[in-house]
Amino acid sequence: MILSARSRAAAVLAVAALLGPAASQSAAQPAPASAEAPAAPDIPLGNVKAHLAQLQSIATANGGNRAHGRPGYLASVDYLKAKLDAAGFTTSLQTFTASGTTGYNLIADWPGGDPDQVLMAGAHLDSTASGPGVNDNGTGSAAVLETALAVSRAQLTPTKHLRFGWWGAEELGLLGSRAYVGSLSAAQRATFAGYLNFDMIGSPNPGYFVYDDDPAIEKTFKDHYAGLGIPTEPDTEGDGRSDHASFKNAGIPVGGLFTGAGNRKTAAQAQKWGGTSGQPFDRCYHSSCDTAANIDDTALDRNSDAVAHAVWTLGTSGSLGLPS
Ligand code: DTR
Ligand code: CA
Ligand code: ZN
Ligand code: ZN
């Protein structure tokens, strides 16, 4: 399938390779709905951190970043794709052109589930040119990867069709996710039950922000955190500033998690979450010091578990309030 030409100020998109249409997945496992939804696994923090260490090494070996159009970006894609292929996912690389340079989205489909109810989880994989981008957004990328690998370890048979995505060129203006959504036909867009976005989920002075968007998705995250006794707040650093906006603009229900970027933690927030008031959630946001040391392990562990919780809960339910 080839994209029809779309004019955009910042990017000319040309899709070279796309995931197959949803219909082609219906021949896979019929995904019997079990009486009780299986419990989500505890995502091992060590596994997530091992992915971050690899992304840091990739940046170090490639001029200190993993930015769009730089070799560290494609090396990051290669690292994830090899893991997903080995775990039994059907992967595809979608190419697009942004700022005159080829960009890449990595898409991974888990065989089975209802092709007319796609639940997608995603994260941008590019950094800025300023640094390795381990919190922004190695954390979201690694948590989504490890959740996908946990789906494989569990050999999950979800009711919904599970798809995972890693976006290129988010830092240039959500360009990879816009290319992906723009490549979908109206019929394909209508198959999406929801899109879950994870961008910066291990900030070193963390907040626990849940996107205030689709109510059913938001409730899934909030209930999870309430059960752990961890207070959450709606995202405060600007709606529409990550890849979920591309999906929301196409009418797809969205949600996600965030631990904060350059904004400063208030005294009230430090009281409820710990950390340092008056300091940024991530003092290394878009800087060379966004390294493997720029992570709060507890926040990363909790949010990685929350990613898996949402994929399991929403992916194995009937509708849970999501449109079917
Ligand atoms: N898109 C981000 C940072 C960011 C700012 N506000 C939000 C809200 C929700 C998620 C992410 C963000 C970046 O990549 O720089
Ligand atoms: Ca865990
Ligand atoms: Zn960023
Ligand atoms: Zn980001």
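The values are calculated or read from the model by the stated rules, or taken from the named source; none is laboratory data. On a predicted model such as this, the values are computed, not experimentally measured, just so you know. In this analysis, Cβ positions are derived from the backbone assuming ideal geometry, glycine residues included, and neighbour counts consider all displayed protein chains. Ligands, DNA and RNA are excluded from the accessible area calculation, which covers all protein heavy atoms including side chains. Shrake-Rupley method; radii C 1.70, N 1.55, O 1.52, S 1.80 Å.
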For segment 256-298 and segment 100-158, compute the distance between their C-alpha centroids and round to whole Å. 23 Å
Could you order the peptides 286-294, 156-164, 111-119 from most to least packed, using the average number of other C-beta atoms within 10 Å per residue? 156-164, 111-119, 286-294
What does the C-alpha gyration tensor say about the overall shape of segment 98-228? Classify as rounded when a/c is under 1.5, otherwise prolate if a/b is larger than b/c, or oblate. oblate
Go through 41-53, 133-145 and give me the packing order, highest mean Cβ count within 10 Å leading. 133-145, 41-53
Once Lys and Arg are counted +1 and Asp and Glu -1 for all other residues with Cβ under 13 Å from that of S203, the total becomes -4
What number comes out for the charge environment of F247, summing +1 per Lys or Arg and -1 per Asp or Glu over other residues with Cβ under 11 Å away? 0
Given H placed on each backbone N at 1.01 Å, which residues far from A190 in sequence or on other chains put an amide H within less than 5 Å of it? none
Proximal aspartates and glutamates relative to K83, as straight alpha-carbon distance under 12 Å, when same-chain residues fewer than 8 apart are discounted: E146
Solvent-accessible area, 1.4 Å probe, carbon plus sulfur percent, for segment 143-246: 54 percent
Note to self: with every protein chain in place and a 1.4 Å probe, the chain gives an accessible area per residue in Å² of 37 Å²
Tally Lys and Arg at +1 and Asp and Glu at -1 over the other residues with C-beta under 12 Å from the C-beta of Y79: what net charge comes out? +1
Lysines whose Cα lies under 19 Å from that of K81, excluding same-chain neighbours fewer than 8 positions away: K49
